[in-house]
Every structure is written in structure tokens, then in C-alpha cells.
1. Based on DSSP, what percent of beta bridges with both residues in region 1-152 are antiparallel, to the nearest 5?
2. For the chain, the longest stretch holding no chymotrypsin sites (Phe, Trp or Tyr not before Pro) located in a DSSP loop with at most 12 other Cβ atoms within 10 Å is which?
3. On a 0 to 90° scale, report how tilted helix 200-212 is relative to the longest principal axis of the chain, with both axes built from alpha carbons and the result rounded to the nearest 10.
4. Let me check something: with ligands and nucleic acids excluded, how do Met180, Met171, Met34 order by accessible area (1.4 Å probe), largest to smallest?
5. What FRET efficiency comes out for the pair Thr154/Ala202, r = Cβ-Cβ distance, R0 = 45 Å, nearest 0.05?
6. On alpha-carbon atoms, Rg over Rh for region 1-52 using Kirkwood Rh?
7. Carbon-plus-sulfur fraction of the accessible area of the chain, 1.4 Å probe, in percent?
8. Compute the semi-axes of the equivalent ellipsoid of the chain, taking the square root of 5 times each eigenvalue of the Cα gyration tensor, and list them largest first in whole Å.
Amino acid sequence: ASSWRDAGPAHHRAVLIRAADEMERQRGDTLALMAHEAAKTIGEGDPEVSEAIDFARYYGSCIDDLVAAERRGATFEPFGVVVVASPWNFPYAIPAGGVLAALAAGNAVVLKPAPEVRRTALLLAQQLWAAGVPADALQYVACPDDEVGRHLVTHPGVGAVVLTGAYETAMRFLDWAPSMRLFAETSRQYALVTAAAAAEDAAITDLVRSAFGQA
């Protein structure tokens, strides 16, 4: 939204710092919701909330770097509208990282969460709205992963898409729109090789955590 972009770097920085404070204030509510909606354990959920808060403070500080670069003669043009398509297994920190980075750069954001964790993403959006992010600069769209989701990510008004998900999903996006400006963090299932010399207890611990952690 132009109103957010025109507000300027100092305002953006202040809002993101307030967002960090708001996220910290609601830590307990966020943990409870993640446990209820995503079966996220407190031990795994609490560091995730901390990571999201760190994102807010980090990207807030990065705004100063952008201002300094512009003073040295660099030019900078936001994408406009950024769609953040976030996953189910990290329902809070990963969408927070994408949304906050895009906002810090002066973009408007559409947050499209995985269908399994819609309420957690909505809570994040509500926290950012409470911190001062305008509703027209951050919009929450809970749509299914079907032709509606496809229409969203391929819409000509979208300047960039931030995806965290399967490699196959990223390739599907590019099949839909080869010219899409896609920033994708992707993953697959990989084997874990344990050498004969490995410490058995440590190897078993790592295997179980790798197979079932964050799941």
C-alpha cells in the first residue's frame, strides 16, 4: 500500500520494533494456539516465537542500512505487493520472517498460510496490526491450496512470492508462471547415514529428532 511505503523508514522501523514487543507480550497466547492447532510442543514452540521476535528486531535494524545505502547514492525500489506462502510445520516464525522482511522494504504483504495453521497466522497478523501495521499493508488471505491459491500467487498485481515448502511446490509455481519472482526455501525427505563409529545414543537421538521433530 502506498500509505505504508510513503510513511518512510523511521516509521517502518518504529512499527517493527513495536511488533517485536507485541509478539513478546503475547508469547503465551501464541504458544497455546500453536499447541492446540499444530500440536506444537512448548519446547519446540517457544524458540520459534523467539525467532519471530528476533526477525522483527533484525529487519527493523536493517532499515537503517537501506537508508545509509541510499545516502551513498544507491537506488531502491520495493516490489509492491509480496505474497508470503508459509508452511504448517513452522506456523509462526517462518511467516513472520517473510512478512517482516517485506514490510521493512516498504512492500505491502498478503499472508497466505498453510490451511492447517490458519489461526496461528491470523494471530501473527493481528499482533502486527496492533503494533501499527496498516490493514491495507498487511492482508490475511486464508484460501485453499487449489485454483484459488494458484490465482493468488500468479496474479499480475503480485510483485514477488516468498514460499517455504516442498521443492515440488516451488517448481509448480514456476510452471504456472515462469516469470514469477519467486524466493523459495524448499525441502525434501533425505536419508540419514550413520557411520559404524558413531556414538549409538547420540545417533538414535538425532535420528528420532530428524524424523519427528517439528512434526
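1. In region 1-152, approximately 0 percent of DSSP beta bridges are antiparallel ones.
2. Here the longest segment lacking exposed loop sites spans 77-189.
3. The helix 200-212 is inclined about 50 degrees to the chain.
4. From most exposed to least exposed: Met171, Met180, Met34.
5. After rounding, the FRET efficiency stands at 0.45.
6. With Rg and the Kirkwood Rh in hand, the quotient comes to 1.16.
7. Summing carbon and sulfur atoms, their accessible area is 55 percent of the total for the chain.
8. Over the Cα atoms of the chain, the semi-axes work out to 31, 21, 18 Å.
The values are calculated or read from the model by the stated rules, or taken from the named source; none is laboratory data. Nothing here was measured: the structure is a model prediction, and the numbers come from that model. Methodologically, a virtual Cβ is constructed for each residue, glycine included, from the backbone with ideal geometry; neighbour enumeration extends over all protein chains shown. Side chains are part of the model used for accessible areas, which takes the heavy atoms of the whole protein and leaves out ligands, DNA and RNA. Shrake-Rupley method; radii C 1.70, N 1.55, O 1.52, S 1.80 Å.
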